[in-house]
Structure formats: C-alpha cells, structure tokens
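First up is the structure itself, then whatever we jot down about it.
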Amino acid sequence: MYVRDAKNREEVWLLDHIEAMGLDDTAFRSRDYVVAVDEESGEKAGFGRIRVHKPDDGEAVCELTSIGVLEGWREQGVGAHVIERLVEYATDQGFDTVYALTGESAYLAQFGFRRIEESQLPTVLEERLAEKRERTDPDAVPLAIDVDRFRMPERLREAFKRAPEGRNEASTDESAEDFGIDPDSATYKYDTGG
C-alpha cells in the first residue's frame, strides 16, 4: 500500500467517488489530489486533497479537504496515510499551518489537529466554512495544525502496512461489464486483431 499523486486519467474516478461519498468538489483539479493504492492489485483505496487559497489581500492559506476512503478499505489506516502525505505536501510548499473544515474533528484530532474559533480563521476560510456547511457538511467546524506537530498513531501505521490482508472483500473495481461492454466481442480503436 502506498500514496501517490493522482493522475489526470483518474479525474472521472475521483469525481465519481467524491460524489458518491458526498464530499466537496469545489474548484476540482485532479492534480491537487493524492491516491492510496494497493501495490499488489493496483486497486485504489482512498484519496484526499490540499487546496491552496490565494486571497488578493493576504497570504496563501492551505486547506486539507475531500478525504475519502472506499468502503472495503476503511479501518486500515488508509485515510491516515493520505492525510500524512497531504501535510507533507503542505510543508513542501512552505505552509506552517494547515486548516481543515469538517464534521470529523475527532478523527483529525488523533493527528494533532485542534479545533479553533471561527474568528481565528483567515477570511477566505470563514467564507469557505459557511459555503461548506451549506453545501456538503452542515456539522463542519474549523481545525488547524502546525505542520511540525503532526503525528501518526503507530496503530494506524501498522494497519496501513497490513491493509491488503485485512481488507473487506467488497470490491469497488469497475469492469467492462459495468459499462455495458461485452469484453469477448468488443473491438477497440487500436485493436490489432491478434
């Protein structure tokens, strides 16, 4: 199991799962996402995004958002490692603080995120919080973490190492048949006939 940058060709996959999970797709750009992948099967297990806000009247702000783990991969440390990678990327981009606007504050607290007052949010995120509550997460609260305070609970690190063996077998892989294609009789644009 590993976490890597999303590829452009995964845009439809990401949008489908974001919609199915009721996550925020505002200002969607696949290049802002990371994807957790099982290295043996190639199956995608989860995803997440950092969104950088660049207001005209202040410094850039980094928000962690749209984190999702597919049904069969939950409780395996996948989300934790997606979050870890996103915080690393925020650090690489020079951010000292990362914000999150979510109703899942208890989950993020285990990594060192702390709840803050709405008045402590940068203006751009105050507006975003109101929008998020209206559109996708009515229970969203503001959280923040100083990137050097991020910590990965050891139990989640170990779960991630064992994720493929402990996973629920409800597969989310899509096949040709899912799209109404008969793989035995279909021809393709670049079919060589052999």
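The values are calculated or read from the model by the stated rules, or taken from the named source; none is laboratory data. Just so you know, these numbers come straight off a predicted model, no measurement behind them. Heads up, the Cβs are rebuilt from the backbone with ideal geometry, glycines too, and the neighbour counts pull from every protein chain shown.
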Item to complete: Mind listing whichever residues of region 18-31 are touching a Ser or Thr at 6+ places or on another chain (Cβ under 9 Å) and farther than 17 Å from THR102 by Cβ?
Response: PHE28
Worksheet entry | Enumeration of residues in region 8-32 that are under 19 Å from GLN93 (Cα atoms) and in contact with a helix residue (DSSP H, G or I) (Cβ under 6 Å, 6 or more places away or on another chain) | SER30
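Per-residue answers, yes or no, for (1) part of a strand (DSSP E or B); (2) under 10 Å from the mean Cα position of the chain (by Cα); (3) more than 25 Å from ALA159 (Cβ to Cβ); (4) charged (D, E, K, R):
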position: VAL12; (1), (2), (3), (4): no, no, yes, no
position: LEU15; (1), (2), (3), (4): no, no, yes, no
position: THR26; (1), (2), (3), (4): no, no, yes, no
position: ILE50; (1), (2), (3), (4): yes, yes, no, no
position: ASP57; (1), (2), (3), (4): no, no, yes, yes
position: GLU63; (1), (2), (3), (4): yes, no, yes, yes
position: VAL82; (1), (2), (3), (4): no, yes, no, no
Fill in: In region 28-48, the residues that are among the charged types (D, E, K, R) and within 11 Å of the chain's Cα centre (by Cα)
ASP32
Fill in: Options THR102, THR97: the member that is surrounded by fewer than 17 Cβ atoms within 10 Å (Cβ to Cβ), at pLDDT 90 or above, under 21 Å from MET152 (Cβ atoms) and of a type outside the set (Phe, Trp, Tyr)
THR97
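State all residues of region 123-153 that are in a helix (DSSP H, G or I), of a type in the set (D, E, K, R) and surrounded by fewer than 19 Cβ atoms within 10 Å (Cβ to Cβ); if no residue qualifies, say none. Steps first, please.
Applying the first criterion (in a helix (DSSP H, G or I)) to region 123-153 yields 123-135, 147-149.
Next cut, of a type in the set (D, E, K, R) only: 126-128, 131-135, 148-149.
Answer for region 123-153, where residues must be in a helix (DSSP H, G or I), of a type in the set (D, E, K, R) and surrounded by fewer than 19 Cβ atoms within 10 Å (Cβ to Cβ): GLU126, GLU127, GLU131, ARG133, GLU134, ARG135, ASP148, ARG149.
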Discussion item. What's the total number of residues in region 5-15 that are surrounded by 12 or more Cβ atoms within 10 Å (Cβ to Cβ) and either over 25 Å from GLY103 (Cβ atoms) or free of Cβ contacts under 8 Å to residues at least 24 places away in the same chain (or both)?
Written reply: 5
Fill in: Within region 111-162, tally of residues that are hydrophobic (A, V, I, L, M, F, W, C) and either more than 30 Å from GLU39 (Cβ to Cβ) or touching a Leu at 6+ places or on another chain (Cβ under 7 Å) (or both)
11
Item to complete: Report whether or not VAL61 is buried (at least 19 other Cβ atoms within 10 Å of the Cβ) and touching a His at 6+ places or on another chain (Cβ under 6 Å).
Response: yes
Item to complete: For residues that are part of a loop (DSSP other than H, G, I, E, B) and either without any contact (Cβ under 8 Å) to a residue 60 or more places away in the chain or small (Gly, Ala, Ser) (or both), scanning just region 28-38, find the one that is surrounded by the most Cβ atoms within 10 Å (Cβ to Cβ).
Response: PHE28
Worksheet item: How many residues, within region 39-56, are touching a residue at least 40 places away in the same chain (Cβ under 8 Å) and within 19 Å of GLY94 (Cα to Cα)?
Response: 4
Practice prompt. Please work out which one of (1) modelled with pLDDT under 90; (2) exposed (fewer than 13 other Cβ atoms within 10 Å of the Cβ) is the condition LEU156 fails and give its number.
Written response: (2)
